[in-house]
Structures are given as C-alpha cells and as structure tokens.
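A quick write-up on the structure given underneath.
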Amino acid sequence: MVLQEMFSSYNATKYKFLQLQMAWLPPKSPCWCEHVSMVTQLCFLGIILLQSVQKILSHLCKRRRKDTDQHTKNYPVDIKVGISYKASLVCSSLLLTVHCFKLLMLLNSSNETYCNSTIKVFSSEIMQVVSWAVTLIVVCKAPKEKHVKFPWILRAWWICSFFLSATCTALNIYLRTAENGHLELQDYANFTGLLASTCLLAMSIRGKTGIVFVVSNDIAEPLLNGKNDKHVQYQRESPYAKASLLQLVTFSWLNPLFAVGFKKPLEQEEIPDLYIKDSAGYLSHAFGKDLKHIKEKDGTTHPSIYKAIYLFIRKKAAINALFAVINAGASYVGPYLIDDFVNFLTEKKTRSLESGYLLAIAFLGAKMVETVSQRQWIFGARLLGLRLRAALTSQIYKKGLVLSSQSRQSHTSGEIINYMSVDIQRITDFIWYLNVIWMLPIQISLAIFILHTNLGLGSVAALTATLAVMACNIPITRIQKRYQSQIMDAKDNRMKATSEILRNMKTIKLQAWDSHFLDKLESLRKIEYKWLWKSLRLSAASAFIFWGSPTFISLVTFSACMLLGIQLTAGKVLSALATFRMLQDPIFNLPDLLSVIAQARVSADRVASYLQEEEIQQNAIEFVPKDQTEFDVDIENGKFSWDGESSAPTLDGLQLKVKRGMKVAICGTVGSGKSSLLSCILGEIQKLSGSVKISGTKAYVPQSPWILTGNIRENILFGNPHDSCKYDRTVKACALIKDFELFSCGDLTEIGERGINMSGGQKQRIQIARAVYQDADIYLLDDPFSAVDAHTGRQLFEDCLMGILKDKTILYVTHQVEFLPAADLILPSAHKMCSKKSCAYLYGSETNKSRKHCIIERREMYLDYFKPLVMQNGRIAQAGTFQELLRQNTGFEVLVGAHSEALQAILKVENSSRTSQDPTPDSEFNTDPASNADLILTQHDSEHNLSLEISENAGKLVQDEEREKGSIGKEVYWSYITAVKGGVLVPLILFAQSSFQVLQIASNYWMAWASPPTSDTEPAVGMNFMLLVYMILAIGSSLCVLARAMLVATAGLWTAQKLFINMLHSVLRAPMAFFDSTPTGRILNRASTDQSVIDLEMATKLGWCAFSVIQILGTIAVMSQVAWEVFVIFIPVTAICIWYQQYYVPTARELARLSGIQRAPILHHFAESLTGAATIRAFDQEDRFIDANLDLVDSHSRPWFHNFTAMEWLSFRLNLLSNFVFASSLVVLVTLPEGIINPSIAGLAVTYGINLNVLQASVIWNICNAENKMISVERILQYSSLASEAALMIEDCRPPNNWPEVGTIYFRNLKIRYADHLPSVLKNITCTFPGRKKIGVVGRTGSGKSTLIQAIFRIVEPSEGSIIIDDVDITKIGLHDLRARLSIIPQDPTMFEGTVRGNLDPLVQYSDREIWEALDKCQLGDLIRAKEEKLDATVVENGENWSVGQRQLFCLGRALLKKSGILVLDEATASVDSATDGVIQKIISQEFKDRTVVTIAHRIPTVIDSDLVLVLSDGRVAEFDRPAKLLEREDSFFSRLIKEYSMRSKSFNSLANIQN
C-alpha cells in the first residue's frame, strides 16, 4: 500500500507537470506545415509544367517531319493494368477527395487550424487540390505514355507528400489530444489521407506501374521506355516478379510453394524461377558494365572492385537504407511513449480512456511500421547479397578461363574454391550488415534524445559511456582483422592440400602414404584451429563487453544523475532502462559489424588480387583469312616463355611455316619443348617476341586427357549439334564403336569425374573424337597414341589422321617414331597406286637396291603430307622429311636408333620362335583387323573397372548427391551436442544464461521498485544503496555473460574439431570406389563451406535457440506478473506461432538442403573448367562454359533466394502475432480499473513488452536458422561414417621385415567383383608369377589388366580366391604392410605441390646421396642440378611446371628409392620417347634384376624381353608362357599383337636403313 501511494503521488505530480507543459503551447503556432507544403507543391507543379511544354514542342516538331514509322500503327497494342496502377488511381482519387473535403470545411468556417494565417491555410489547401488533380491526370495518362515505371517526379512527389502528411497529422493529433482529448472530423480526414499516402509511398519505392502491353503476336512484354534491353527477351515466370504490392509486403506470393513443400519434400524442379534481374546472366552483365565503366573513367586496366561493388549495389542499397532508417526511427517510438503511458495509468481518473487507447494505437502503429520496414530491409539486403554473390562468382569463373599459366600456378584450386565459397560469402554477409551503418547513428541519436528529455545533462554521461564502449572496438577490430587474415590463410593451405590429396588419392593409397598425408592435413588444421581459437576467444571477450555495456552505461548515467542532483523517479528510470535496452542493439551490432567489415575487407582484397592477376595474351595470335595465305600456321622469330621473368626462354628462335593440309610430326626427348610448341600455336604460352599467324579454326587434344563429367556423347559433341552421319563417321574413325557396344547405354554411358571409369586409351580416343567432330581446319595433337595399344594406334593413325582428317592440317607430338614414315602404309592412295606384289619386298629378302628404290618412290607420294620436326632444348633442331633428318645426324637418329633396336629385339624373338616353320605368307601380314574381333572381349575392366556398375545404374556412375529428406533427426542434434565429453558443457552454458537473465530482470525490477514515484516522495532506500545493489546485480549478470560466451566458444570449437577429425579419417580411409563415384567438389564443399559454418556459426546459432527461449520466458514472466490476462492471450498466440513454425520448417529445410547440394556443382564445374581451360580456349568454347556456370549459379540461387524469403515470410507473421499480444496487453492495462495494478511495475512490463515482437520472432527464427545450419552438421556426419578399407595394420599378422624376399605372386581362383549384385570382372584367375622374374601383362583395352594390378594392391578386394605373395595371404595382413612393401609406377604420373625432394621422399626416409643416385638413374640428375634450388626446386600444383614425361621419370625415381621386392609398371613409359623408354628399361633391368617386375604396356618392346607374358581376355587367363613359346603358335593372341606391331614397324626399319 505504501508503495502504491508513492506511485500515485508521483503520477499526480507528473500530471501537473504535463499540464504546465501543455499550457506553454500557444493556441496558434507558426504555419511551418503550410510553408513546407506550398514549396513542395510549387516544385512539383513547376516541373510538371516544364515537362508538358517540352512534350508539346517535341510533338509540334514531329508533325512538321514526315513520319517514317507509320507502319507501327498497324499493329494493335492491348493494355493490361496491374494492381499497382489501379491502387495508384484509387489512392490519388482518395487524396483529391480528402483535400476537396477539407477545402469545403475551410469555406464553411467549421475547421479549426493551428496556423495563425487563414490565407496561408487556404492557399495550401487549394494547391493540394490542384496538385492531386494533376497527379490524377498524370497517372491516367500512364498507359497512353507506355510507362512501365511511374515518372520520377511523380514518385518524388509521393514520397514528399507522405512525410509531410505523416508529420502534420501526428502534430495535429498530438495538439488536439493535449488540448481537449477529442479528435475532430479533420483529424479523421488527415488519417485517411495518411493511409493513402503510405500506399503511394510503397508504390513509389517499387516504381513499377504493373502495366503490360500485349502486341498482335500475343507476346506480353513491358516496354522499357524505348530502351532495348536484351535480357527482357528471355524473361521467365517468377511469382516474385508478378507479385502485387500487398503480396510483396506480406510475402504471400510464397504461399503456393509452401503448399507444395508442406505436403511432400521439395525437389529442385518444383522451385520457381528467379526474377530476370536476379538471374546470374543479367547480374554478370551488369557487373561487367560497371567494371568497364570504371576502367574507362579511371583509365586503368585493373578497376577497383570496391568501386564496382558500389556502382552495382547503390540503387538497391539506397532503398534498403530507407527502410532501415524508418525501422530505426519506429523502434524508438515505444521507449519515448513509456513515460506518457505510465502517467496515464497513474492519472487514470482524470484522463479519458480515449487518450489511453490513442497511446495504445500509437504503440501498435509504430510496431507495425517497424515490422514492415524491418522485414523489407532484411529481405532487400539478402536479395542484394544474392545478386552480388552471383555477379562475383561469374567474374571469378570468367577470370579462371583466361588466367595465364604463371597466374594459374600462383592460385591453386583450393584457394579458388575458397574464393568462391568462403570469401564471397563473407562479402555478401557484409552487404547484410551494411544497413547497420546507417542505423547506428540514428539509433544512438534517438536514444540520447530520449535520455536528454528524461534525464537532462545525465544524457551527456550516457553518450560519453556509449562512445567509450564503442571506442573499445578499435583495438578489438584490428586484432580480429589480423586473426581473420590468418584464418583465411590457414584455410587456404588446408583446402589446397585437401584438394590435391583427393585428386591424387589413388597414388596415395598405392604408395601407402595415407598416414603421412593424414598427418599433414591434421597439422594444417592445427594451425587453423589455433587462429580460430584466438578469434573466438576475442569474440567471447567482446561479447562480455557489449552485453555488459547497457549495464555499464546505465550505471554511469544514474551515477552522474546522482552527482548532478537530478532526481531519479520511477518514470525516468523506466524510460531510461527501456532506452538502454534499445541502445543495446546498436552497441551489440557494432562489434559484429566491425568484425564483418574486417572479414569482408580481407576477402574483398583477396578476390580483387585474384581478379587482377595476369591473363593470357589476347594478341599473341594473329588470325589471317584463308584467302590471304597458303599457310595455316606461320611462326616467325618466335620467342616464348612460361615464366616471363626468366632469363632463359622456353622456346627460342622458332621459324615454322605449315602449309594447308600438311601433316607435321613433332618428336624429341623428354622436356625438349614439344608440348610448348603446340602451346605457342594455341596462344597459351607468353610470347616475348616474333609473330604467330593462324589461318582457320583449331582443335586441340592435350597430352593428359581432359574429360568432362557427363556422358560420352556430350564429351564428343562438346556443345555442337548432333549430326548422326558425321557423329557415326567420327566414332568409327576413332575406334570407339566396339567400346560403345560393350556398355548397356552405349555412348550415353556417364563418365565419372576426370574420366575415372574409363581406361587411358578410352579417354584418349574420346578426346580425339571430340576434336575430329569439331571439323576444324588445324589439329594440334599432343602425343595422341601414348595410351593406346598397337592395334588401336594403327587404326587411329589409319582411319583418323590419314583418313577422316586427310585434308586437314595436323601438328602432332609423338614418342612413337614408328608412325613417322608410315604414310605409304596408311594412305589409301598409296595402297591403290602400289600392287600387293610390289609391296611384298618391303618385308622379303629383296636386294637393298630394289628396296631403296621402292621406298624412295613411296616417299615422294606422301612427302607433301608428312613433315617430321625434331625439338631440342626449346628449339626446332631439325625439320624435313624422314630421310633428310636421318642424314643430318643431329639427334633424330638417336630416337630412330632406339626404336630400331627395340624392333630388332622383337624380330629376333619372332624369328627364333619360327626357326622350324616356313616363312609367313604376305597375306598374313595384311590380316584385316576385324578378324581379331573375337579377341576383343567384353570390356568389364577399365581404369577402375566400373563399367558394369554403370550399366546397372542406367549409364549413371556419379549418382545425385545424397540428400536427407524430412526433418533433421534428433540423432544429428544429439551427436553435435554430445560430441565433446558427452555434452557436459551444455548444462553449464544454460545455467550461465539463465543466471544472466534472472540477474538482469532482478536489477531492473530493483530500480523500478526502489526509485521514488515522484521527485517529492521520499525514496524507499538511499540513492547510494540503490545504485550499489544495482551495480552488484549488473556485474553479476555481466560475469554470467562472460562465462557463457567462453563456454560456447570452447564447446563449439572443440565440437567442430572433433567432427572435422572424424570426417577426415573417414574420408581418407574410404575405399577407392567412393572416390571414383564421388566428385571431389562434394567433399571439398563439406571441408570448406560446411566446416566453416560449424567452426564459426553453429555453436552460436544453437546457443541462441536456448538463449532466446530463456529471454522470452523472462519477459512473459514480468508481463504476466502485472496482468495475468496477458498470459492467457499469449497461450493461443504461442500455439499459432508453433503451427506456423511447423508449416514453415518442411519447406525451408528442403530449400536449405537443395541450396547446399546445388553449391557443389558450381565448384566442381569450376575445377573441371580450370583443368581444361586450354582446351576450352582452343575450341573457342568460353561462352558456352560461362553460360553453363551461370545456369549452375541460378540453380543454386533459386533455392537460396526462396529459403531466405521463406524466413521473412515466417518472421513477418510472427511479428504480427507478437504485435497483437503487445497491443492486447496495452489494452488490458488501459482498461483495468485504477488501483488494480502498480503503474511503475506496469511500466516495467511495457518496457519488456516493447521487445516482445523481436523476442517472440527470434525464438522461432533462431530455431529455424539453427536447423538450417544443422544441415552442415548432417552433411559432415554423412561423410564421418563411410565404409572403410581394411585395417592399415594387423598386429597379429605382420609380415617379416624382409618380405617379400623372393617376390613370388600366386593367384588362386581369384574372382573380383565391384558389388555383390554385379558379375565377376576377374574370373577364376589361377597362375603364378615366379619370383625375381619379369612378367608382361597384355590384353585388349578392358581385358582386366588394371583390375589385376589393383587386386595385388587390394584397391579392390577379392570376392573369392586369394593372392599369396611369398607364402603370405595378402588379405590377412594390413593394407599399409602390403602397399608399403610393393612399388608401382602408375600410368598417370602424379606430383604434389612442394619440392623435388618432397615428391621423391615424402616420408623423409632417404639421404640426399640416395636421392641424387635415383635422379641420375632416371635421367633427371643433370636437369635438377641445373636449377638453383637443386633438390628444393619448386613443384607447383599437379607438377604443371614439369612435362608429363619428366613427371613419369620422377615416379620411376620413387620406385628406385623404395627398392621393393615387387615392382609394378602400369604403362609407365607411355609418355616418354623411345630412346628414354629404352634407357628406362635398361635401368629397370639393372636395378630390379633380382626383383619381380610386373609390366602392363601397350608398347610391345616394353614386354617383349619379359621372362613370361600373361595375356588376359574377358577377365580370364587366355595365355601365360614365355614370349618365344607364345610366338610359336601363330593363332595366339600375343603372336597377333606382335604381327600388328612388326607390320607397322618393318617399313619404318627399312627407311631407317636406307642411309646405309
């Protein structure tokens, strides 16, 4: 009772003060409303008049001229008007009616105004009537004028009239209620006009009239005021684009999507299209125009990305800023009105209920404005982020297609993936925070204004304390920026290593380097973890400062008031506390803003650095029309270098002229510059001097096959239309028909990432077919025959190079010199001009004279078609015909001699095996290749033998990414929460937050209770004691915040680290089948984007779910204590909120999942494009690939756009419901009789209730947001429980240290299948490879060779049978023990970024002396010694600064260092010349003479000197014996391979011997 009396006394005093304040208001005030109104109207009418005069003059000029466009009148145009236009008509008419009514009231003298000049009032009202009449006319003429958007002057007038109407209406109503408390008819008219002005304001911001013009061809298209915008032509259907104003405000245009998503999980094709201006194509074009504008304006080649972003976002950002400013202003109306509301409750007896309801309406109106403006600016910011993301992604992709080789080496795939995923995300996050910059000064200014109104000079102390707290951000931001830079650098290094490891996973497993590279990734993660921990720890300290800042500011302010003698009454304290709570937002947002600015600045600088990297020379090649030259390729004084800063050019002194239709072969030793010569013709290598002229289109086949993910037909067509006749000819010429027959889906069979399910030969032939189908003029082929067997190579040369391409200009690199003089064997004209009899003595015992005469005669026939060219040390060492090169004795004869020696060895074996037989008739050498069709058996094997699995999946190897459907399982949440120490930290976090909430409420309650109701009332406690208790409670709450922040940071980072380690171990221990069928982009997406979410966001998002629930419970508790009726209202509203949340979540969850899934293809496509950039440029396919990237970006943007819009849809509805609860509580407080409630405590309830809409929405919003982010956890957990390979080590079954000592390999009934439901690929293989022998494995492509090798290394596990090496069953021992004891030189050479030493000896097991010995043996010693860094010479990503042949030699060096008892060579010398091949074979023979060597080779000389030859066919052992023994049987498979090779090579040998 005493407390109630104190409050009543205080309210009475306050009311007297208010009456005194009202008495000061003069009955008549200056006419500033009328003045501003008339000036605005005069400007509007004046501009309208000028525009009208201009139109009249223009029309008169046109009538004097002949109208040449009269025919356009023959096409009728129908006009369809939308809701926007209709609403503008209605609102303009309503405003005209309102002002006419007010003018009539003035004429009848029944209207009282507060202006002291009647003339000004009449003038203002008359001008209003005229202005709105003119407005109505302009609006009515819009369809005739074909306005798609309202004229700018009309939109400006509507905006000004809204602010003018809102200000004048608010002032008039305030003065009216203050004077007599009753509203009059004029006030209702003003309020009606304000509603219409608000509607016009919304339409002026949107700008569109909604008018559609339908021309006679039935195409509805907005006319852009005469502007020809090419993007309008492909405008797609989008609910957002067609939405009305009301639908845009309420987001109800999303209702159809929710209806679908609630019934069943959404699919990608069910998501509506984007609005055309949000599509990647439009945005990329717009951003490109901005960059071009800056280039021209600043005169620079490297435009500022900051300026470009500013130009790109400024219009939309300005609209967002307007909404944000309105939101900031509306949010402070509540704290400003609290004091008046408390006064009303105190003096309810003397005040009418109408004034209380008006206060409630003012509260509600402010909340509604705040809700609409907040939802619109947040939506606009997200949309702007989407636009900027799409624009930057497309720019990064475009840049990737034109990077120079040196620039490409300085930015690895991992770094660029981070540019696209992490950096762009941080830049778009900044766009969201951009509006905080405009809101901060307004929020602080309004807060200080309210404090100054209540506390006078005490507000200066509040401002000082606020600025002091904000000043703390300066050092924190600087430190945080440094941490962010370090985090990004560490993440780059980790992603770069991860990408490299995933790309080379097969090599890592074969070499038993799993543990080493696992340790490498873990060490890189430790560095990242260190900086993450520092950053999160600093963020926790920052959270403590800024959560405690309202308490700190209130303490400083109240203490200053006490020192200054300013009486703290309950009303002042409550108003100040409400303001401090509102001030918490800008203070709390400031550290986030500065952190985001720091992150965005770092990311923007990184992206800008990338976009400014050097590009390939656009003018390196000069294109000459065909009718102006006879040369297709013309290089004069060419000087080229891969490294522009190097003193030694890669190619020097090039002089090359290639006539149209000529075939030029390029040969030379490893590293001589063969591939670089082709690159200079393509324009890939930097031109230092000279000229390169090209006449005609070009096609390119790189040395390392580049195959796109997709089906075979798509790879061959490569964007060209399908011509069945041309396609069939191409496939036949490239020997692909039989391959297609062996796949159930033929050429529609899908190829895995990097062609993983195709053999090397298949990949090579597919990309040759791609080039052939282009029907280009110039063909550049880089070692096209290295990966195919003898028979296939002959067919390619015969049917392709000298068949379908016989009239084309061809430059091709080859190491197989037997193809150099083969024109007389493969040209149809040569065969026709020479009878079978005259050809016979090529292989018989004719005299040298006759042989020489015949060969010379034939050479003349193909001389014009074929020109060998020899490269040496970056120069064209020799050029001429085959015989001319042999006579010059400058290096070419070394290559030829090596091949001749190999051929002699074959002939020796062949002849020795037939000493007891008659010579073979001529006809047998001309056996049609089709006769061997019975030997080309089912291709169940490929490089990874996945063909059968493809057929089972209807041609699809890489299945769509796995997507969980339905709600995220509780086990996902539980796994995350309990990942660290069983979740022991979670209760501590909840306790800390609950304690903070309780102490905060207690401190506010204490101040409301302890403060005197009036300045005349004696306080219940002393002021010093009141502040002391408040300070203790405040400090306690702040310490709870510090504890909570540190616990959340600790628990979150520990959990993120554990999840990462689990995923890392799971992925690296997965079998090769997983990597074969999983694009690396999916794994990298999880390791990059999803891991970043878990590192930095997940713990905070999940924590806020609990924190917001605790906050709203506290608020409801405070409000319910005052009026239990509020709690009754809150229950059904909460039920509705829960229903909305359940209705929203199914759709939003699937949208978030689809958004995450659609992100991976962007990265995957980019990685593929970077790898094949040279091929894309060679085929002039940049535009097609850019369009494909834009489509992928749109596919990601569609679910992302609808996901964040769905969030606004939900938030808008929850805000409306919370506004209803707040308004209801106000009505209850106003309606309750006096004495039922304590006005001070009621004021405290209102103070808390002001934030009810934010809190209630934040509960659902945080839950939904956490669920969306939890998808990242779900995706990482998917890859944390993959099927694993066998154990690396089995302690009970360790082989002896010297195992394998002999190297005997015994296959016993070996069967291999890739899945239980698939047939066997290897079938009952039973044979023994004797120890310390050399075994050659041959067979047609797909016969099972690679599968056998993989079985030895247990890349695939036997389904039946066993492999026993030196009496040890390899399935019984650990994988590391097995693979570490074997050596392999793979077909695709692999090198890792780092140094030469690190590539040869990654496990640091050997001394420098041993490494140099290995380098000398593999012919690389001199090359490495010539480099300044020696063994520390740089190896870039993929070893791209070394030729393919050199990389192959490095792989040989690894095997020489390892010195295993068993060596496997899988086409190990396919990429080296014959001379180097011979040297390598000699080295292997010497170094591994006492070891078992298993060789798979297409080159017959490579296996001809083997002790045993295994012939595989259809997964079975077809033949297994000594080579000589197999050659005794003419029908043997091996014998026929020898015949094919020797038939192709004997004429070569004859030519080589002509000089003798």
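The values are calculated or read from the model by the stated rules, or taken from the named source; none is laboratory data. Because the structure is predicted, anything quoted here is derived from the model rather than measured. Please note: Cβ atoms are built from the backbone with ideal geometry, for glycine as well, and neighbour counts cover all protein chains shown. We work out accessible area using only protein heavy atoms, side chains counted, and drop any ligands, DNA or RNA first. Shrake-Rupley method; radii C 1.70, N 1.55, O 1.52, S 1.80 Å.
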Given a Förster radius of 56 Å and the C-beta distance between Ser93 and Val984 as r, what FRET efficiency does 1/(1 + (r/R0)^6) yield to the nearest 0.05? 0.25
Which FRET efficiency value, to the nearest 0.05, is calculated for Lys141 and Leu1216 with the Förster distance at 30 angstrom and r the Cβ-Cβ distance? 0.20
Using the Karplus curve 6.51 cos²θ - 1.76 cosθ + 1.60 with θ = phi - 60°, what ³J(HN,Hα) values do you get for each residue of the range 499-514, in whole Hz, with x for Gly and Pro? 4, 5, 5, 5, 5, 10, 4, 4, 4, 4, 5, 5, 8, 6, 9, 3
For a quick check: with amide H placed at 1.01 Å from N, whose amide H comes under 5 Å from Trp642's, ignoring anything fewer than 5 positions away on the same chain? Thr650
Residue-normalised accessible area of the range 426-476, expressed per residue, 1.4 Å probe, Å²: 39
In nanometres, what is the gap between the two model label sites at Asp1408 and Ala156, each 7 Å from Cα along Cα-to-Cβ? 7.7
Förster radius 22 Å - calculated FRET efficiency between Arg1516 and Lys1372 (Cβ-Cβ, nearest 0.05): 0.30
Quick one: if you stick a label point 7 Å off each Cα along the C-beta vector at Ala1283 and Phe191, how many nm between them? 7.2
Sort the following peptides by mean Cβ neighbour count (other Cβ atoms within 10 Å, averaged over residues), highest first: 1044-1052, 673-681. 673-681, 1044-1052
Starting from the 7 Å offset along Cα-to-Cβ, what nm value, one decimal, do you get for the label separation of Ile1138 and Val1021? 3.9
Which links in Lys1334/Lys1458; Lys141/Lys315; Lys506/Lys732; Lys242/Lys307; Lys506/Lys981; Lys1058/Lys1458 stretch past 29 Å when you go from one Cα to the other? Lys506/Lys732; Lys242/Lys307; Lys506/Lys981; Lys1058/Lys1458
If I model the range 1191-1298 as equal point scatterers sitting on the Cα atoms and use the Debye formula, what is log10 I(q)/I(0) at q = 0.09, 0.11 Å⁻¹? -0.53, -0.64
Along the range 440-455, what does the Karplus equation 6.51 cos²θ - 1.76 cosθ + 1.60 (θ = phi - 60°) give for ³J(HN,Hα), rounded to whole Hz, x for Gly and Pro? 4, x, 5, 4, 5, 4, 5, 5, 5, 4, 5, 5, 5, 4, 9, 10
Selection from Gly1394, Trp1261, Ile1271, by position along the positive dipole direction of the range 1258-1400 (Cβ): Gly1394
Residue span Ile1131 to Ser515: 0.36 nm per residue of separation minus Cα-Cα distance leaves a gain in nm of 216.0 nm
Among Pro550, Met582, Leu536, pick out the residue whose Cα is farthest towards the positive end of the charge dipole of the range 485-600, where Lys and Arg carry +1 and Asp and Glu carry -1 on C-beta, about the Cα centre. Leu536
Which value, in debye to the nearest 20, describes the size of the charge dipole of the range 617-682 about its Cα centre when Lys and Arg Cβ atoms bear +1, Asp and Glu Cβ atoms bear -1, and nothing else is charged? 340
Protection proxy ranking, peptides 1389-1401, 527-539, 984-996, average beta carbon neighbours within 10 Å, highest first: 1389-1401, 527-539, 984-996
Listed by chain and number, the residues whose amide H is under 5 Å from that of Val664, excluding neighbours fewer than 5 places away on the same chain and using placed H, are Ile810, Leu811, Tyr812, Lys867
Might you tell me the accessible area per residue for the range 258-300, computed with a 1.4 Å probe and given in Å²? 51
Estimated vicinal HN-Hα couplings, Hz - the range 1193-1202 in sequence order (Karplus 6.51, -1.76, 1.60; Gly, Pro = x): 4, 5, 4, 7, 5, 4, x, 5, 4, 6
Full-extension gain between Leu107 and His722, please, as 0.36 nm times their residue separation minus the C-alpha to C-alpha distance. 213.3 nm
With Kirkwood's inverse mean 1/r over C-alpha pairs for Rh, give me the Rg to Rh ratio of the range 1296-1375, two decimals please. 0.97
At the level of C-alpha centres, the distance separating the range 348-375 and the range 115-165, in angstrom, is 29
How much length, in nm to one decimal, is gained on full extension between Ile1483 and Gln567, taken as 0.36 nm per residue of separation minus their Cα-Cα distance? 319.9 nm
For a quick check: with amide H placed at 1.01 Å from N, whose amide H comes under 5 Å from Tyr700's, ignoring anything fewer than 5 positions away on the same chain? Leu780
Show me the ranking of peptides 381-394, 1023-1036 by mean Cβ neighbours inside 10 Å, starting with the highest. 381-394, 1023-1036
